[in-house]
């Protein structure tokens, strides 16, 4: 029989514990005191005293290995486990390897498991066993230019004009893309291109959505949005999925540029307009219409149309007033259909995404780990991406939270997928203060 399951209590010493066990054995279990004494009473046949120290017999499951373990008081266990697990020569080994070392003289399965789970150094590097995935939040739009996403991609090979980046603007409703080669991505440059080349052609958008790039967070860009009556929104840090429409377009446009500019890489800006034309004239999966038809009310004309002719619904009426009426009716019909298609596509995407998503259950004043891998001047391979402790001070939305690391520090708004909860629990007397924080992945 293996006797590794017994746990020590809070006795003042080994001698006192042994005498208590002897007294309990002689007087019966009804007079036993602490839980530790009860455990030792049930293991009486596996206990012995050697040189004034209490030992317990350990037998492997197959019965081939037998040896005597020292029964260590709980007051000394934290110091011993810290040396075996945290020591410089021990390398923060895992639960089973730490336990195998301690079994040579001590049986502390529960304490070792608890210590390894609460090791701040291990948790800061490894993170939770299962990463968080909050339910998908949908943002439905119903008209063109209601919401526009912007972002900058690059750098690309330098060309004669000095352009190295591409500023992308994309309408959420029609999926109409615009891409402008720019020399840099400073706030003044980005704001000037948007005003002179995008808003001047398509009108001012109701909302402008971007990531937290410096060019979009600068005061000049913020003032530009205020002057034009645009509501500026942004993603949370390290959450590109919140700006997925332009992030996905980046991949498409870079892939097409690579196909057409594999040799002449200094001419990528000249190929950009025709690649945009190809995208605008292709049917979008979510809307089932082309961006051109949704934005302009008609399909773009290609050289092939001169041979095959245009569809009947694209024939132009003789009178300009009739054309304007038909164009308005066509746009209203298309937009009505697209609203239904976008709603169905969004619900389908949410069902697929939420299959393995978990509800966010953080509360105000909860202690949490924060995933923050970007540390300047440090190698990403050697740094620990999780930081602790942060405190949740306020709810943002259903999946975003405002956190602060210490009183008086700057608060940060982060997505729930970057947080990992910490529940206070002290089970190992003598452990350092940070050891009394037991971590759990979000359920």
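The table below lists the values:
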| quantity | calculated |
| --- | --- |
| Some residue of region 125-139 being without any contact (Cβ under 8 Å) to a residue 60 or more places away in the chain, in a loop (DSSP other than H, G, I, E, B) and surrounded by fewer than 19 Cβ atoms within 10 Å (Cβ to Cβ) | yes |
| Tally, over region 143-165, of residues that are assigned to a strand (DSSP E or B) and closer than 15 Å to residue 253 by Cβ | 6 |
| Selection status of residue 110, farther than 30 Å from residue 201 by Cβ and at pLDDT 80 or above | no |
| Qualifying residue in region 254-263 (condition: at pLDDT 90 or above, in a helix (DSSP H, G or I), out of contact with any helix residue (DSSP H, G or I) (no Cβ under 8 Å at 6 or more places or on another chain) and under 25 Å from residue 342 (Cβ atoms)) | yes |
| Failed criterion for residue 382 (all others in (1) out of contact with any helix residue (DSSP H, G or I) (no Cβ under 8 Å at 6 or more places or on another chain); (2) outside the structural domain of residue 401 (by the TED database) hold) | (2) |
| Which listed residue, of 209, 284, is surrounded by 17 or more Cβ atoms within 10 Å (Cβ to Cβ), closer than 30 Å to residue 329 by Cβ and in contact (Cβ under 8 Å) with a residue 12 or more places away in the chain | 284 |
| Residue that is closer than 22 Å to residue 248 by Cβ, within 27 Å of the chain's Cα centre (by Cα) and crowded, with 19+ Cβ neighbours inside 10 Å, where the choices are 168, 190 | 168 |
| Candidate set: region 220-237, residues that are in a helix (DSSP H, G or I) and touching a residue at least 24 places away in the same chain (Cβ under 8 Å); chosen: the one nearest to residue 413 (Cα to Cα) | 221 |
| Matching option when the condition is over 28 Å from residue 293 (Cα atoms) and in a helix (DSSP H, G or I), among 195, 188 | 188 |
| Among (1) surrounded by 15 or more Cβ atoms within 10 Å (Cβ to Cβ); (2) at pLDDT below 90; (3) closer than 29 Å to residue 136 by Cβ, the one test that residue 246 misses | (2) |
| Given (1) at pLDDT 95 or above; (2) in a helix (DSSP H, G or I), index of the condition residue 208 fails | (2) |
| Sole exception among (1) crowded, with 17+ Cβ neighbours inside 10 Å; (2) touching a helix residue (DSSP H, G or I) at 6+ places or on another chain (Cβ under 8 Å); (3) touching a residue at least 24 places away in the same chain (Cβ under 8 Å) for residue 69, by number | (2) |
| Failed item in (1) more than 26 Å from residue 346 (Cα to Cα); (2) surrounded by fewer than 20 Cβ atoms within 10 Å (Cβ to Cβ), with residue 163 passing the rest | (2) |
| Strands (runs of 3 or more DSSP E) lying entirely in region 357-443 (those with 1 or more residues that are modelled with pLDDT of 80 or more) | 367-371, 386-395, 400-404, 412-415, 419-424 |
| Count - residues of region 287-303 that are surrounded by fewer than 17 Cβ atoms within 10 Å (Cβ to Cβ) and within 33 Å of the chain's Cα centre (by Cα) | 1 |
| Test: residue 204 is in the same structural domain as residue 161 (by the TED database), over 27 Å from residue 155 (Cα atoms) and more than 29 Å from the chain's Cα centre (by Cα) | yes |
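The values are calculated or read from the model by the stated rules, or taken from the named source; none is laboratory data. All figures in this text were calculated on a predicted structure; none of them were measured in a lab. Glycine gets a Cβ as well: all are built from the backbone with ideal geometry, and neighbour counts include every protein chain shown.
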